[in-house]
Structures are given as structure tokens and as C-alpha cells.
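Report on the structure given below.
The values are calculated or read from the model by the stated rules, or taken from the named source; none is laboratory data. Just so we're clear, the structure is a prediction, and the values are computed from it rather than from any experiment. Methodologically, a virtual Cβ is constructed for each residue, glycine included, from the backbone with ideal geometry; neighbour enumeration extends over all protein chains shown. Areas reflect the complete protein model, heavy atoms only, side chains present, ligands, DNA and RNA absent. Shrake-Rupley method; radii C 1.70, N 1.55, O 1.52, S 1.80 Å.
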Amino acid sequence: MTDVRIFRDTDELAEGAADEIVRLADLAIENRGVCTLLLAGGSTPRSAYARLANKYSNWSGWRKVIIGWGDERCVPAEHADSNFRMAHESLLAHVPVLADNIYRMPGELPRETGAALYEANLRNIFVDQDAPRFDLILLGMGEDGHTASLFPGSPALDESGHWVVGVAHEQPPLPLVPRLTITFPVINAARNVLLLVSGANKAFTLIQVFNPQPADRASLPVQRIQLKSGTLTWMLDAAAAKDLDF
């Protein structure tokens, strides 16, 4: 199932995303006693995290949320480019998440080593599963249609065996550093994916996604998100959605 929600501006998008994250987490906790959540990097998720920290700092579910990341730059945790650092500063330092429930991608390690270690951590959480069924995965989309660190032309796009891989990153967007990323088998096994997109610079890419010409079909990495039995919710601000006919 796919849903599209359009918000007036980035502030309204951040508010809507924060509310939806808590709603879905509450549902997971009610049904399974825990919520497994993967965070994203980027400026749009950062705004949602800040809103979560402000509006839901006293939410009772924080102690039942297991948090990981969908991708990470291969930099130390304290580096300015670290997705972990961004999430920690904007969200995790302000809410009562249990330290033992935070699974950071080890970006300071060589990418192959870090990917193998992180996949082993996930397999300890999701024992005996062909792919981990996260309750919620947060993602963004770049102007080139990438999501997580799954970039156009990357061999990681076709990865089917590993849950986490290391990828080279030598073309924009910056920073040009290697990455760790989950793979599409992980994304497509999720119960829910929230895809947060803002800014007029994403409008042309969204046209390719939602109204593709024959040559565009499945040409963008984000188009490979095809959930097996979950809900994909696009959350767009009006600037990004300005050319869509919804």
C-alpha cells in the first residue's frame, strides 16, 4: 500500500512526521510490545527529530523503542558528517531511550568490517528471519533518486543476500566518503516506511517517480521500494510536490 501526504511547508511536514512516528510506534508497542525503528540522515529528518524531542519528550513509549540507522557515513560518531551525531543531538539526547536499545552503525570502521558487524547485530535482533521486519523505517530521497545510501549505478542496488553493505561514494551528493547502508530486502520487508521529502529541488525527481516515462520506470533507486506487505507513506512539502497532480 502507498499513501501520499502533502504538507504546506517543512515545519508542517516535520510536525506531521513526528506525529506519525509516534502513532506507528504506539501501534507496534500495543501489538508486539516493542517498536523497531531505523532512523535516516538528512535535513528533513533532522527537523522531524527536533519536533519529536520537543513535542514527545515525555512519551511513555521511548523505553520500548529499539533504534538503528538505515545508513551512515564512514566517519567517527563525533564527526560533523555522522548521521548518528545528528540524531543524537537533535533527538536521542533529549528523550529517555534506553542506551542498550540504540544500535549505532560503526562508521569509524572500514566499510566492509562495519557492514558485517552491523548486520550481525541485526541478525541477533531478528533471529531466524530471511529479512528483518522493522516496524518503521525512515528514509529520505536525494535529487538523484537515491535513498539511504543506495545510489544510482551502485552494485548495492541489486544486493539480495546481505542486509547491510559497505558502498563507495565518489560522486555527489557530498560528503564523498564511503557509506554503510541497509539494502532493499530490508526496506521492502518493513511494516511501514516513511519517506520524507522537502524542497523544490526534489520536484523534478518526484515527477519521474510518480509519472514516469517508459525510460524512467525503475531507473531511480527510490523506485525499487516495493514493500511486500507494508505501507509506504510519502510525506512531501508543497515545494517538492508542486508539479504533482494530487
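Can you tell me which of 141-154, 223-236 comes out highest on packing, and rank the rest after it, using the mean Cβ neighbours within 10 Å?
Ranked from most to least packed, the peptides come out as 141-154, 223-236.
In deg cm²/dmol, rounded to 500, what helix-only [θ] at 222 nm does the chain give when every DSSP H run of at least 4 residues adds -39500 (n - 2.57) and the total is split over its residues?
Estimated from H runs of four or more residues: -9000 deg cm²/dmol.
From the residues 17, 59, 74, which one has its Cα farthest along the dipole of the range 1-108 in the positive direction, the dipole being from +1 and -1 charges on Cβ of Lys/Arg and Asp/Glu about the Cα centre?
So the residue we want is 59.
Starting from 0 in steps of 5 Å, tell me what percent of the Cα-Cα pairs of the range 128-195 lands in each bin.
The percentages, shortest bin first, are 3, 17, 27, 26, 17, 8, 2, 0.
Excluding residues fewer than 8 places away in the same chain, name every one of the aspartates and glutamates whose C-alpha is closer than 14 Å to that of residue 55.
11, 12, 15, 19, 20
So what are the three principal axis dimensions of the range 1-145 from its Cα atoms, in whole Å, longest to shortest?
Dimensions of the range 1-145 along the principal axes of its Cα atoms: 42, 35, 32 Å.
Under unit Cβ charges (Lys, Arg +1; Asp, Glu -1), what dipole magnitude, rounded to 20 debye, does the chain have relative to its Cα centre?
Here the chain has a charge dipole of around 380 debye.
Taking the Cβ of residue 171 as the centre, find all other residues whose Cβ is under 15 Å away and add up their charges (Lys, Arg: +1; Asp, Glu: -1).
Overall, the nearby charge balance is -1.
Under 23 Å between alpha carbons, and skipping anything fewer than 8 positions from residue 202 in its own chain: which lysines qualify?
Reachable lysines: 242.
Can you say what percent of the DSSP beta bridges in the chain, counting only those with both residues inside, are antiparallel? Round to 5.
25
Compute for the range 74-153: radius of gyration divided by Kirkwood radius, i.e. Rg/Rh, restricted to C-alpha atoms, rounded to two decimals.
Rg/Rh for the range 74-153 comes to 0.97.
Ignoring ligands, DNA and RNA, what percent of the accessible area of the chain is carbon or sulfur (1.4 Å)?
Of all accessible area on the chain, carbon and sulfur atoms account for 49 percent.
Normalised radius of gyration for the range 148-235, please: alpha carbon Rg relative to 2.2 N^0.38 Å, two decimal places.
It is 1.12.
Give the percent of DSSP beta bridges with both residues in the range 100-238 that are antiparallel, rounded to the nearest 5.
35
May I ask you to give the solvent-accessible area per residue for the range 21-84, in square angstrom, as obtained with a 1.4 angstrom probe?
On a per-residue basis, 43 Å².
Can you pull the one-decimal nm distance between simple spin-label points at residue 120 and residue 157, each 7 Å off the Cα toward Cβ?
For the pair residue 120/residue 157, the computed spacing is 3.2 nm.
Quick one: Debye curve from the C-alpha atoms of the chain, no solvent, what's log10 I(q)/I(0) at q = 0.16 Å⁻¹?
Values returned for q = 0.16 Å⁻¹ are -1.22.
Label 7 Å along Cα→Cβ of residue 112; the range 170-203 residues with amide nitrogen under 13 Å?
In the range 170-203, the label zone of residue 112 (backbone N under 13 Å from the point 7 Å along Cα→Cβ) covers no residue.
Calculate, for the range 158-198, the solvent-accessible area per residue in square angstrom, rolling a 1.4 angstrom probe over the heavy atoms of the protein chains.
That works out to 36 Å² for each residue.
Between 89, 170, 20, find the one with the highest GNM mean-square fluctuation for the chain; connect C-alpha pairs within less than 10 Å.
With Cα springs under 10 Å in the chain, the top fluctuation among 89, 170, 20 is at 170.
Rounded to the nearest Å, what's the spacing between the alpha carbon centres of the range 79-105 and the range 180-246? Just the number, please.
25
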